[in-house]
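One structure is given here, and the rest of the page talks about it.
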Amino acid sequence: MTRSPAVFLLAAMSAALLPLGASASNTIHSAPTESGYTVHPQHAAEATPRAQVLSELNTARKDGTLVAMQWGLVAPAQEAAKSTITREQVREEAARAAKGNLLRYGDH
């Protein structure tokens, strides 16, 4: 049983384009009508206000996130939350864990 290359090409193109029609966030959906599509403006996502975008841009410039992302790097870490326990309390907790055989070693 031989099949023509055109059938294979049609099947491959259909499979490649299928995910494009499944997006519910688009305003245009395919439909079995003469035009081939229907328009649903209520599906359009609300745009972010320009003032908010500019504010986020300025924040990214100030904290170094913008430069890092332009170079494809990981954004710099923000300041960690301050600890509520003292160094001595941490040492005591570690000693209790060691005595109770609760410490984990390695990657597990």
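General observations
- Distances between placed amide hydrogens fall under 5 Å for ILE28 paired with HIS40, all partners being 5 or more residues away or on another chain.
- Most tightly packed first, judged by the mean number of other beta-carbon atoms within 10 Å of their residues, the peptides 53-60, 5-12, 75-82 read 53-60, 5-12, 75-82.
- Here the simple spin-label model places points 7 Å from the Cα toward Cβ, and for ARG87 and LEU54 these points are separated by 4.7 nm.
- Isotropic mean projected area of the C-alpha convex hull, the range 43-93 (nm²): 7.4 nm²
- Label sites at ARG104 and SER30, each approximated as a point 7 angstrom past Cα along Cα to Cβ, lie 4.7 nm apart.
- Relative contact order, whole percent, for the range 29-108 stands at 10, derived from Cα pairs under 8 Å and 6 or more residues apart.
Rule-based calculations on the coordinates, nothing more; no lab input. Just so we're clear, the structure is a prediction, and the values are computed from it rather than from any experiment. So basically every Cβ, Gly included, is an ideal-geometry build from the backbone, and we count neighbours across all protein chains shown.
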